[in-house]
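J.: Please see the structure below; I have some questions.
Just so it is clear, none of the values below were taken in a lab; they were calculated from the coordinates. Source: prediction; values computed, not measured. Virtual Cβ from ideal backbone geometry, glycine too; neighbours counted across all protein chains shown.
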2 protein chains.
Amino acid sequence: MKVLSKGCIYGLRALLYIVSEKPPAEYVSIREISEELDISFHFLTKTFQALTQKGILRSYRGPNGGVALAKAPEEVFLADIVLTLEGEDFFNKCLLGLAGCGEAAPCPVHDFWIGHKAELRVEFERTSLADMGKKINRKKLRLGP
Amino acid sequence: MKVLSKGCIYGLRALLYIVSEKPPAEYVSIREISEELDISFHFLTKTFQALTQKGILRSYRGPNGGVALAKAPEEVFLADIVLTLEGEDFFNKCLLGLAGCGEAAPCPVHDFWIGHKAELRVEFERTSLADMGKKINRKKLRLGP
DNA sequence: CATATTTAAGATAAAATAGTATTAAATCTT
DNA sequence: AAGATTTAATACTATTTTATCTTAAATATG
């Protein structure tokens, strides 16, 4: 059950690293994150671009530059990240991949699937980076291998 | 939120076609199904091979050959199909794709995700081909474009 | 034997992922 | 202020994975 793409997983893990390991508003170099989490530097850079354009991160070039959260971690939700990196239609896709699946022309598992997506959406919308960061520090959870 | 691979979606739609359109135990040619549902014939063939080897379908070569359900549609569950076509570890994957994620070394979203997977598993395990087939016929649902 | 059909292996195409090289911006040193 | 250094941004290329197509073989019917 692979739900998220590599790019999204990388972005998420990287944000969690920033929020759980670094003081707020400090620029963290992408190189450091990519080495720490064993993620392709350039791929991560691309992913971060999307997050920067969306206003979730801000970036700064030059020595001691890097990326930092653009908002308080309490105000960035899992849903924001996922919708940015997977596309805004993330929660609207048919389980059977049928294009126009909806109330008007549902697929055989539409009813069942729509409920599931809604539940997941609620959970994604109420889980913030701060929530996850706290949990990581409290329980010493891992972000990488 | 793309959860299933193309192969799995094709297999599922094809099985639903058989169960909802055809009398039980009649061999249906793969060519017919692929044309009816607009699916690549050879790709569907490969998918069906896996389902045949797993004992969900049986096949017959030669004129008037094809595939047919090997069991009663009441005894084939969504979970059987998905586990065959996506792999037995379908419900055991970490949302963040971390290899050894589990109770011993959980990722930051482990607790939350494990509950979701369990719910989905229950639903997949109690939904049979017969259930879905009836629904299709009752509500005239669609399987293809 | 001729034909229809699944089975199977291998080649090709497309998409996702990863890597290389270059450019641009900010800072630091002299 | 000039030039070197650090770092993100961008473009381009390569690799890997996934999906599709091509071809050939095996099996059944008549």
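J.: Order of B:Arg126, A:Arg142, A:Arg13 from fewest to most other C-beta atoms within 10 Å?
T.: B:Arg126, A:Arg142, A:Arg13
J.: According to the square roots a ≥ b ≥ c of the eigenvalues of the Cα gyration tensor, what is the shape class of the range A:39-103, taking rounded for a/c under 1.5, prolate for a/b larger than b/c otherwise, and oblate for the remainder?
T.: Here the range A:39-103 falls in the prolate category.
J.: Still on this structure, please answer the following. Quick check for you: which residues of the range B:89-103 have the amide N under 13 Å from the point 7 Å beyond the Cα of B:Lys54 toward its beta carbon?
T.: B:89-91
J.: Right, another one. Once the label point is placed 7 Å from Cα along Cβ, list for A:Glu36 the distances to the corresponding points in the other copies, in nm, shortest first.
T.: So the label point of A:Glu36 gives 5.6 nm to the other copies.
J.: Okay, next question. Using a label position 7 Å from Cα in the Cα→Cβ direction, what is the ascending list of nm distances from A:Gly115 to the same site in the other copies?
T.: Taking the point 7 Å beyond Cα along Cα→Cβ, the inter-copy spacings are 1.7 nm.
J.: While we're on this one: Given the -39500 (n - 2.57) contribution per DSSP H run of 4+ residues, what per-residue ellipticity at 222 nm results for chain B, rounded to the nearest 500 deg cm²/dmol?
T.: -16000 deg cm²/dmol
J.: Also, I was wondering about something else. Please find, among residues of chain A, the one with the beta carbon closest to the rotation axis relating it to chain B, distance in whole Å.
T.: Residue and rounded Å distance to the axis: A:Val3, 3.
J.: Which links in A:Lys140/B:Lys93; A:Lys54/B:Lys93; A:Lys93/B:Lys117; B:Lys22/B:Lys93; A:Lys2/B:Lys6 stretch past 24 Å when you go from one Cα to the other?
T.: From A:Lys140/B:Lys93; A:Lys54/B:Lys93; A:Lys93/B:Lys117; B:Lys22/B:Lys93; A:Lys2/B:Lys6, over 24 Å: A:Lys54/B:Lys93; B:Lys22/B:Lys93.
J.: Compute the distance from the alpha-carbon center of the range B:106-144 to that of the range A:1-67, in whole Å.
T.: Their Cα centres are 34 Å away from one another.
J.: Right, here's the next one. Decide, for the protein assembly as shown, between rounded, prolate and oblate: order the square roots of the alpha carbon gyration tensor eigenvalues as a ≥ b ≥ c, take rounded if a/c falls under 1.5, and otherwise choose prolate if a/b is larger than b/c, else oblate.
T.: prolate
J.: Follow-up question, since we're still on this one. May I ask you to evaluate 6.51 cos²θ - 1.76 cosθ + 1.60, the Karplus curve with θ = phi - 60°, for each residue of the range A:83-98 and list the ³J(HN,Hα) values in order in whole Hz, giving x for glycine and proline?
T.: The phi angles translate into 5, 5, 8, 9, x, 5, 8, 3, 8, 10, 8, 6, 4, 8, x, 7 Hz.
J.: Still on this model: Return, for the Cα atoms of chain B, the radius of gyration and Dmax in Å, separated by a comma.
T.: 16.9, 56
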